[in-house]
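Just below is one structure, and these are the notes that go with it.
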Amino acid sequence: MNYTAKDLNPVKDFITWTNKWACGIKVIDDQHKALVELVNDLFKHVTGEDKQEHDYFDKVIQELVNYVKVHFAAEEKILIATKYAGYAEHKKQHDLFIRTVVENIKLYEAGKRYTLSTFARFLKDWILSHIAMMDKQYFEYLHKIASRKADGKLSINKDDVNNL
């Protein structure tokens, strides 16, 4: 019998979101969660059926690329606004990721021994390592410069940035 990812584990997500990846900025946390869901959805479509996987890939890849660009733009805007010293390196990593994804898309579309499963695993590894290492650095920075509001939540305003 030929098993697919769905047969082997029909309920479990490929990535399970955990709050240890949260930065406390709602828009960024929501975007990270959405990226995780996009990768989970991609992995759920790993069937072992080349045509079916390729049709799905063609349908969703532009959505994924566009969402990643929106997310990177949001992060970069926050990093610039808060004068984050590691911005240039962070931006460089984002740009490298986009180039790598475009190269991987070309490999997949050309049928060069690159599978939907391989692509999903690449995305999982990159996203989780990026959040855990690169994003974590700016999370810590933002928490250092943020003001605590009366309700105990952190907030970053112009005064926080101007006082750097």
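Just so you know, all these numbers are worked out from the coordinates, no wet-lab data involved. Since this is a predicted model, take the numbers as computed values, not measurements. Using ideal geometry, Cβ is built from the backbone for each residue, glycine included, and neighbour counts are taken over all protein chains shown.
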List the pairs from 20/92; 77/144; 20/59; 26/83; 20/144 whose alpha-carbon separation is above 22 Å, in the order I gave them. 20/92; 20/59
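Tally Lys/Arg at +1 and Asp/Glu at -1 over every other residue whose Cβ is under 15 Å from the Cβ of residue 127; what's the total? Provide the component values of the computation, followed by the final result.
Numbers: positive: 20, 33, 69, 121, 124, 136; negative: 13, 29, 30, 37, 41, 75, 125, 135.
Every neighbour counted, the sum reads -2.
Beta carbons within 10 angstrom, averaged per residue: use that to sort the peptides 93-100, 41-48, highest first.
On the way: 93-100: 13.8, 41-48: 18.9.
Highest mean packing first, the order is 41-48, 93-100.
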